[in-house]
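Bear in mind that the values in this text are calculations on the coordinates, not laboratory data. Quantities reported herein were computed from a predicted structural model and do not represent experimental measurements. Every residue, glycine among them, receives a Cβ derived from its backbone with ideal geometry; neighbour counts consider all protein chains shown.
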Amino acid sequence: MKAVASFCLLCAALLYATVCLAGGNVNSDWSSAGFNNFDASHWMLDGFTDASRAKLWRDAGFSSAKAKGWEKRHFSPKEAGEWIEAGVRKAKYAKKLRRYGVTPETFKKWKEKGYTNAKEVAALAKKGVTLDDAPLK
């Protein structure tokens, strides 16, 4: 029990040091982009080193954690928003779909045919099944 308490105390201390003391690492670029120290530290912890890039994501309505996944897979905030609007919530599936030539617009057409699962559409596209060849669901 004492080991668990010690571990919890260590975790709390690390969290405090990471979040609260990160303000010392926040430069004027972050404050000029409209981030306070607390918010900037979250974006920095999620790998954003460029305040202007983080601002683009934030202004598009993304949290740092959500933006991280899309950014990692080389989507812009605009592209990510288009995929989400089309019904694809995960960057992983959007990347797969994009790799097989499916765009947010064509994904919407797949949905009109009854294919609402991004994973399923990606599997069909990988097999070479086109929108025209796919049967109605």
How large is log10 I(q)/I(0) at q = 0.16, 0.24, 0.26 Å⁻¹ when the Debye formula is applied to the Cα atoms of the stretch 60-137, each weighted equally and without solvent?
-0.54, -1.06, -1.20
Calculate, in nm to one decimal, what Glu85 and Lys2 gain on full extension: separation in residues at 0.36 nm each, minus their alpha carbon distance.
25.0 nm
Report the extension gain between Ser28 and Arg99 in nm, rounded to one decimal, defined as 0.36 nm multiplied by the number of residues separating them, less their alpha carbon distance.
21.7 nm
Cβ-Cβ FRET estimate between Lys92 and Asn37, R0 fixed at 30 Å, reported to 0.05
0.40
Ranking Lys92, Lys119 by Cβ neighbours within 10 Å, fewest first, what do you get?
Lys119, Lys92
Sort the following peptides by mean Cβ neighbour count (other Cβ atoms within 10 Å, averaged over residues), highest first: 106-113, 41-48.
41-48, 106-113
Hey, how many Å between the Cα centroid of the stretch 112-130 and the Cα centroid of the stretch 37-93?
26 Å
State the extension gain, in nm to one decimal, for the chain segment bounded by Lys119 and Thr49, taking 0.36 nm per residue of separation less the distance between their alpha-carbons.
22.0 nm
